[in-house]
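Reading through the structure tokens given below for one structure.
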Amino acid sequence: MELAALVLATGVKAFFQSPAYVIGVPLVAVGGLALMLALTPFELRWPAPIRESDLPVLDDPPEGHPDASEYVKVGVFLAVVTAVEVALYYLDLAEGALLGLLLALSALKFILVVMWFMHLKFDNRLFSTMFTGGMILVLALFTIVLATLGSSLV
Amino acid sequence: MQHAPTIDPGHETSTGIDNRKLLMWLFLASEVLFFGGLIGTYLLYRNSSVAPPCPTDCVFDGVTYQGLFDIPFTSISAFVLLMSSVTMVLALAAIQRNNKRGLGIWLLATALLGMTFLAGQAFEFTEFYHEGLTLNTNLFGTTFFVLTGFHGAHVSVGVLLLVSMFIVSQRNDWTKEHSLNVELLGLYWHFVDIVWIVIFTLVYLIQT
Amino acid sequence: MSGAVIGQQRPTIGEALRRIRLEAATYHGVWSWIATVDHKRIGLMYGATAFVFFLVGGVEALIIRLQLARPDASLVDPDQFNRLFTMHGTTMVFLVVMPLSAAFFNLLVPLMIGARDVAFPRLNAFSYWVFLTGGLFMTASFFTGNPAGAFFEGHLGAPDGGWFGYAPLTSTQFSQGTGIDFWAFGLLILGVSSMAGGFNFIVTIINMRAPGMTLFRMPVFVWMTLATSFLIIFAMPIITVALFQLLFDRLFGGVFFSVADGGTPLLWQHMFWLFGHPEVYILILPAMGIVSEILPTFSRKPLFGYPFVVFSGLAIAFMSWGVWAHHMYTTGLGTTANAAFGVATILISVPTGIKIFNWLGTMWGGSIKINTPLLFSVGFIAMFTIGGLTGVMHSMVPSDYQQQDTYFVVAHFHQVLVGGALFGLFGGIYYWFPKFSGRLLNEKWGQLHFWTMFVGFNLTFQPMMILGLLGMPRRISSYSDGLGWGFWNMMATAGAFLIAFSVVAFIVNVVVSMRSRERVGGDPWDGRTLEWAIPSPPPAYNFATIPTVKALDDFWNTKYVENEAGIPVPVVADGANGDDEEDAGHGIHLPSPSVLPLIAALGPVFIATGFIYHGNPWLLPLIPVGAVTTLVGLYGWALEPVTE
């Protein structure tokens, strides 16, 4: 409607002089079309009937995966570590000691999640190689960047 | 999600690793660089702001400004996100044992915890805004909002995927054959969680 | 599950649209290309699109050269000049060399490793469509006017900050209008395309190899694709962060690069070159891979020192992470940093040198057949060596202090990107054209193309070396008479037009060759790698039966055995093209075509336009529209069955 007002008030010329409209309006049109086109397959597939699985619930996790109770244990431990971190923050520790402890505890949490929840402890070595590769790369790069700019990571 | 978008599903891969899992790990490895860049920028500019407010108490022109960070509040947020990782992995454990109902419950729980975290972030952002911190107030504002904002965006995408997976899994007959879908979403979710572990320590707890 | 029970009522809009969609799903004519997920078709589309952008970037270069041909010229004003060289650099790097390499990845990698397609065919289509929309978006900035913001008001609105967009030149203070916004969003969108491609090819190469195709039986080109893909997925996120920071600064008043607020523009330089230097190797490694395939074929010898070529390629990729600050010697990093980066830069020339000697060793004592692909490859070696050596000159800190921002640098990187990457890519086009069209490119036109390009190239860029040493700075729109630069500039301009002529010769060659009736078989060059074992052009399913690989250069070994003197003699019963059974192609499941990748790829452009014009209430809704489009495309994609 604003568009109509613009065209009415200033003529078609103003419309074509604004890149915002020349690029934007066709995009709106194409977008609407694409949306409708894309929505059509949902008609086919969304209302699938709810069906209860007749497969029995298994007792054991698949090979290479820990049991649910293991996960819960790790989770409880993670909660405890977080509590310790926050407690440390309020304790009057020397700055260096606090820094070291906090970094160590957060690294511990990080490693626990990656090893257990993301299964790197049990999974293919290729995954851990790629992930640690990325970690080492980014740590190295930004340590150098910050050093040359007179700063440091922590 | 229902169908592996890989060609020739019957074909064994050269390494025996599933294509999609490899893709997800590559994506996460690449995301490490993305968040590394954002966190690196925050650390570079820490304590470089030339105007208040600051994360912790600071003095400008003889006036002391109170710090913005509310550690107990953020600790709870961090805790919520951490626990959502536990529920996520329990969802995986459920579907691996053909327990579709369990999968649904744990997926929903994870999504709810994720939404709680997002609500906490929204509250925190509003609070900071009222105390005078915006994207263009100072370096702290810019770097903080962009870093945590991008993390929040990742959590939002995760919540969206969790809810979608809940719907799809409950409307269809998901069994342990489908557990890879849950595992892949789990990988993403845990990754978002460990990013927050790093942010919580480096940005909130360590103040040098 | 089908939606058959709709009743005899008039169809709803949704139903009608679905019918149209299903109609389209039979995919005739243009639709068959739009919905394709076939790696060969996607590769051809990549190549054709990149070539069009090459012509655009070439015209930009010619205008620049016309402006600089004579002193005190005024063909374009300084502002327009800035926009032209910015777009020339951006176009050639992101819209020409990278996608041309991607075209070769797409066309060749599955064929070379004996796969029916890439690991994620639809993700592959998505990569292409995102590249296309991103490229058009970036180029559209020419017409957006500047700084008044009116649509094409007679001068260009393209970005003006140079291809590396140094802060604070890109800040709203120094670059008004929307050029830089288009640039930053364009690069973000193109980054999505490159990353999706990178993931796809890593998974393909790691996971989709034919039985027996161990890593060290892979052709060097596949190795280089793997290295390039890893560089892409690790380098792109860094520039993504930097571009987001730039956009937050420009659109929402962030202060990342604002000195007044305590920020440092050097952060941008670091972030850009952390990406930018690996990017240099993203551009050159694929060309190195192509040359490593062409030389053995036309020397009729195996690649000399295959493991050395592979490992030196990987070493280059690895070391490319440790040299970014050699672009920043003059920013005052300090002597320690300068020295360290200088040493790292000198070291990276070692694996590069190893490659050059191995290529020479491949040709040494071979029965060399001189034709266009080989000429381009040899041209590559010669020109790339000069480019590499001038690179070593830049690595010396004191020497670089003198060369920084002069035409010597311009000459150096054109030497490696045109004389290196582009020569390699053209060689690849001549080499693999018969595989995908079933026709050879005309040899006479090819030779004309090569020799005019070779002479034109040297005529253009060697004078720039001299100009640089004479002290002519980069990025100046004119220079006064009496500086002694006129002669060399005129020579460079003449050379540039000779290059343009050579490109015309190439186009004529393609047209002439496509009209020719002559067809070639599957193996016109007597090739060594698997792609030559199948017919030209390859059937949709590539291999009727997936080959089992027993050695490096396996296809060659099925054709030849060595006699006592070590000379290859043909195997008597040639079974090269014998695997075309009657019912080939039956029982092979190929992924079904889909338009959803295209729909998902449309979204980012909308979001970007919405953000750029976010002050305009009429255009702000483009952001949710784009987001929903992409989301819907992706959801449809995830829920759509792969084979129907």
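If you take the Cα centroid of the stretch C:331-359 and the Cα centroid of the stretch C:459-515, the two points sit 29 Å apart.
Of the GluC sites (Glu not before Pro) found in the stretch A:48-154, those that fall in a DSSP loop while having at most 13 other beta-carbon atoms within 10 Å are A:E52, A:E63. According to the square roots a ≥ b ≥ c of the eigenvalues of the Cα gyration tensor, what is the shape class of the stretch A:67-123, taking rounded for a/c under 1.5, prolate for a/b larger than b/c otherwise, and oblate for the remainder? Oblate shape, in that a/c is at least 1.5 and b/c is the bigger or equal ratio. Taking 30 Å as the cut-off for C-alpha to C-alpha distance, list the pairs among A:K121/C:K550; B:K21/C:K40; B:K21/B:K100; B:K21/C:K301; B:K176/C:K40; C:K40/C:K444 that go past it. In this structure, A:K121/C:K550; B:K21/C:K301; B:K176/C:K40 lie more than 30 Å apart at Cα. Shape class of the protein assembly as shown from the Cα gyration tensor (axes a ≥ b ≥ c, square roots of the eigenvalues): rounded, since a/c falls below 1.5. Counting only other chain Cβ atoms within 10 Å of each residue's Cβ, the peptide C:612-620 averages 4. I need the shape label for chain C. Rule: rounded when a/c is under 1.5, else prolate if a/b > b/c, else oblate, with a, b, c from the alpha carbon gyration tensor. In terms of gyration-tensor shape, oblate. Between the stretch C:390-454 and the stretch B:110-154, the C-alpha centres lie 48 angstrom from each other. Ranking of C:V30, B:V182 by solvent-accessible surface, largest first: C:V30, B:V182 (1.4 Å probe, protein heavy atoms only, all chains present).
Treating r as the C-beta distance of A:I111 and C:D79 and R0 as 56 Å, the FRET efficiency rounds to 0.55.
Write out the chymotrypsin sites (Phe, Trp or Tyr not before Pro) in the stretch C:323-403 meeting two conditions: DSSP loop, and at most 16 other Cβ atoms within 10 Å of their Cβ.
On the way: sites: C:W324, C:Y329, C:F341, C:F357, C:W359, C:W364, C:F376, C:F380, C:F384, C:Y401; in loops: C:W364.
Those that pass, being in a loop and sparsely packed, are C:W364.
The stretch C:27-46 and the stretch C:294-315 have their alpha-carbon centroids 33 Å apart. Taken along the Cα-to-beta-carbon direction at a fixed 7 Å, the label points for C:V350 and B:A153 span 4.2 nm.
The label-point distance for C:W31 and B:T208, in a model that sets each label 7 Å from Cα toward Cβ, rounds to 6.3 nm. The stretch between C:A339 and C:A382 holds 12.6 nm of extra length on full extension. This uses 0.36 nm per residue minus the Cα-Cα distance.
Of the GluC sites (Glu not before Pro) in the stretch B:93-152, which ones lie in a loop per DSSP and count no more than 16 other C-beta atoms within 10 Å?
Here the sparse-neighbourhood loop sites are B:E131.
Long hydrophobic helices in chain C, taken as whole DSSP H segments with a C-alpha length of 27 Å or more on their own axis and mean Kyte-Doolittle hydropathy at least -1.0: C:39-68, C:121-140, C:179-207, C:220-252, C:266-299, C:335-363, C:372-395, C:443-469, C:486-515. Heavy-atom accessible area with a 1.4 Å probe sorts C:E564, C:E640, largest first, into C:E564, C:E640.
For the stretch B:25-76, the ratio of Cα radius of gyration to the globular rule of thumb 2.2 N^0.38 Å stands at 1.59.
The values are calculated or read from the model by the stated rules, or taken from the named source; none is laboratory data. These numbers come from a predicted model, not from an experiment. Cβ coordinates were reconstructed from backbone atoms using ideal geometry, including for glycine residues, and neighbour counts include every protein chain displayed. Note: areas computed on protein heavy atoms with side chains; ligands, DNA, RNA excluded. Shrake-Rupley method; radii C 1.70, N 1.55, O 1.52, S 1.80 Å.
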